[in-house]
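S.K.: The structure's right below; bear with me while I get my questions together.
The values are calculated or read from the model by the stated rules, or taken from the named source; none is laboratory data. In this text the structure is predicted, and so the values were computed from the model without any measurement. Because the Cβ atoms are built from the backbone with ideal geometry, glycine has one as well, and the counts that use them run over all protein chains shown. Side chains included, ligands, DNA and RNA excluded: accessible areas come from the protein's heavy atoms. Shrake-Rupley method; radii C 1.70, N 1.55, O 1.52, S 1.80 Å.
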Amino acid sequence: MTNNIYILIIAAFLDYLIGDPWDWPHPVQIMGWVISRLTKFFLHLCQNSLIQRLAGIVLAIILIIGSGLVGFLMIQTARWVHPLLGIAIDSILLASCFAGRSLRAAAEAVLQPLTVGDLEKARKILSNYVGRDTQNLSQPEISRAVLETVAENATDGVMAPLFYAIVGVFIPVVGPTPLALAYKASSTLDSMVGYREAPYTYLGWFCARLEDCLTWLPCRLTVVTLALLSGKPMHIWQICRRDAINDPSPNSGWSECAYAAFLGVQMGGTNWYRGVAKYKPLLGDAIYAITATSIQNALQLTRYCFLLWLGIAIAIFLMLPNR
């Protein structure tokens, strides 16, 4: 268990200092490749809606358990070669599950041209990170899209993987990395096949529901953490209770609403996807306009949440009598 807490700390530093270099292979890329191949196979093989639902369950089991198991075997093999190699592989794999630096880099990549008025470049860069149509977005809409992306991914990209890594720290045989990789596989499945639209309507239903369940607790803990950091927890909670429940997603609406309430801005509204308008419930009160400062503050809040959870995990570990 002692090594587990060290690995968690090293991974946190690696994500903060290095993040995910573009030219390095990433576990999510491999997960995406496997999901793509298996999805095509199941869609071709299964024509009936019930069979597709069952195939979706099999897909989730293969990817989620498989990702955790492959990570576990890689770490054990590296430890067999040399203990220090095991720690290095373990830490690198775990760092790849945290998207803190990548999230900041993505937001700043859009903010850089946006702040100098180059909307065309900002729209083009933003299109790499969001599913909505970006070609006609105004400056306020671009800022809203960036902030919504930061707020949503703060939970499923940063805090939820950290939550499962912390749980894994206190499970000696498993460790933090396999659990974090398993969650990352679930999140990747949801982003690739968790849609109500064809052809994923039936195949992706289980992946979407499972990801919702796995993210539910980390999301609520993130909301509570933000509420406590704000110094006015009841205000944050009341706004989330008022607005977040109107969002069709059981998690992203809460995450976005908590950030909106903390920053005094409003998210949601009409977005366009492949030329089709889709309305999202308004979250928070529009006390201030969304600016680059709002986005930077949201990124800073995510870092504070991350460090607070990491500190709590270390404190719990130090209090254990037989660590």
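S.K.: May I ask you to say which residue of 307, 226 is open to solvent by less than 30 Å² (accessible area, probe 1.4 Å), in contact with a helix residue (DSSP H, G or I) (Cβ under 9 Å, 6 or more places away or on another chain) and either without any contact (Cβ under 8 Å) to a residue 40 or more places away in the chain or not acidic (Asp, Glu) (or both)?
M.R.: 226
S.K.: Let me ask something else. Please work out which one of (1) of a type in the set (A, V, I, L, M); (2) closer than 30 Å to residue 310 by Cβ; (3) surrounded by 15 or more Cβ atoms within 10 Å (Cβ to Cβ) is the condition residue 18 fails and give its number.
M.R.: (3)
S.K.: Going by the structure shown, is residue 150 under 25 Å from residue 67 (Cα atoms), in a helix (DSSP H, G or I), under 11 Å from the mean Cα position of the chain (by Cα) and at pLDDT 95 or above?
M.R.: No: the conditions fail for residue 150.
S.K.: Does any residue of the stretch 87-96 turn out to be out of contact with any Cys (no Cβ under 6 Å at 6 or more places or on another chain), open to solvent by 20 Å² or more (accessible area, probe 1.4 Å), assigned to a helix (DSSP H, G or I) and of a type in the set (Ser, Thr, Tyr)?
M.R.: No.
S.K.: Could you please find all residues in the stretch 264-286 being more than 16 Å from residue 240 (Cα to Cα), among the hydrophobic types (A, V, I, L, M, F, W, C), open to solvent by 70 Å² or more (accessible area, probe 1.4 Å) and without any contact (Cβ under 8 Å) to a residue 24 or more places away in the chain?
M.R.: 276
S.K.: Is one or more of the residues making up the stretch 102-125 more than 30 Å from residue 291 (Cα to Cα), more than 23 Å from the chain's Cα centre (by Cα), in contact (Cβ under 8 Å) with a residue 60 or more places away in the chain and crowded, with 16+ Cβ neighbours inside 10 Å?
M.R.: Within the stretch 102-125, none of the residues are more than 30 Å from residue 291 (Cα to Cα), more than 23 Å from the chain's Cα centre (by Cα), in contact (Cβ under 8 Å) with a residue 60 or more places away in the chain and crowded, with 16+ Cβ neighbours inside 10 Å.
S.K.: In the stretch 131-144, what residues are open to solvent by less than 40 Å² (accessible area, probe 1.4 Å) and either among the charged types (D, E, K, R) or in contact with a strand residue (DSSP E or B) (Cβ under 8 Å, 6 or more places away or on another chain) (or both)?
M.R.: 132, 133, 144
S.K.: Separate question: Assuming residue 81 fulfils every condition listed in (1) over 21 Å from residue 166 (Cβ atoms); (2) open to solvent by 80 Å² or more (accessible area, probe 1.4 Å); (3) within 18 Å of the chain's Cα centre (by Cα) apart from one, which condition is it?
M.R.: (3)
S.K.: Quick one: is residue 201 of a type in the set (Ser, Thr, Tyr) and buried (at least 17 other Cβ atoms within 10 Å of the Cβ)?
M.R.: Spelling it out, it is not the case that residue 201 is of a type in the set (Ser, Thr, Tyr) and buried (at least 17 other Cβ atoms within 10 Å of the Cβ).
S.K.: To continue, here is another question. Looking at (1) of a type outside the set (D, E, K, R); (2) under 15 Å from the mean Cα position of the chain (by Cα); (3) open to solvent by 10 Å² or more (accessible area, probe 1.4 Å); (4) under 21 Å from residue 304 (Cβ atoms), find the lone condition where residue 160 falls short.
M.R.: Checking residue 160 against (1) of a type outside the set (D, E, K, R); (2) under 15 Å from the mean Cα position of the chain (by Cα); (3) open to solvent by 10 Å² or more (accessible area, probe 1.4 Å); (4) under 21 Å from residue 304 (Cβ atoms), the one that fails is (3).
S.K.: Here's something else I'd like to know. Do we have any residue at all in the stretch 40-51 that's open to solvent by 20 Å² or more (accessible area, probe 1.4 Å), outside any helix (DSSP H, G or I) and either free of Cβ contacts under 8 Å to residues at least 60 places away in the same chain or among the hydrophobic types (A, V, I, L, M, F, W, C) (or both)?
M.R.: Yes: one or more hits.
S.K.: Still on this model: Mind counting the residues in the stretch 169-199 that are closer than 23 Å to residue 152 by Cβ and without any contact (Cβ under 8 Å) to a residue 40 or more places away in the chain?
M.R.: So the count comes out to 7.
S.K.: For the stretch 170-192, indicate whether the set of residues that are farther than 30 Å from residue 300 by Cβ, open to solvent by 70 Å² or more (accessible area, probe 1.4 Å) and not aliphatic (A, V, I, L, M) is non-empty.
M.R.: Taking every residue of the stretch 170-192 in turn, at least one turns out to be farther than 30 Å from residue 300 by Cβ, open to solvent by 70 Å² or more (accessible area, probe 1.4 Å) and not aliphatic (A, V, I, L, M).
S.K.: So residue 153 fits all but one of (1) surrounded by fewer than 18 Cβ atoms within 10 Å (Cβ to Cβ); (2) in contact with a helix residue (DSSP H, G or I) (Cβ under 6 Å, 6 or more places away or on another chain); what number is the exception?
M.R.: Among (1) surrounded by fewer than 18 Cβ atoms within 10 Å (Cβ to Cβ); (2) in contact with a helix residue (DSSP H, G or I) (Cβ under 6 Å, 6 or more places away or on another chain), residue 153 violates only (1).
S.K.: Can you tell me which residue in the stretch 229-263 is most open to solvent (accessible area, probe 1.4 Å), limited to those that are within 14 Å of residue 148 (Cα to Cα) and more than 19 Å from the chain's Cα centre (by Cα)? Break it down into steps so the answer makes sense when it comes.
M.R.: Just the residues of the stretch 229-263 that are within 14 Å of residue 148 (Cα to Cα), to begin with: 244, 247, 249, 251-263.
Still in the list and also more than 19 Å from the chain's Cα centre (by Cα): 261-263.
On the way: 261: 6, 262: 57, 263: 28 Å².
Once the filter is applied, the top-ranked residue is 262.
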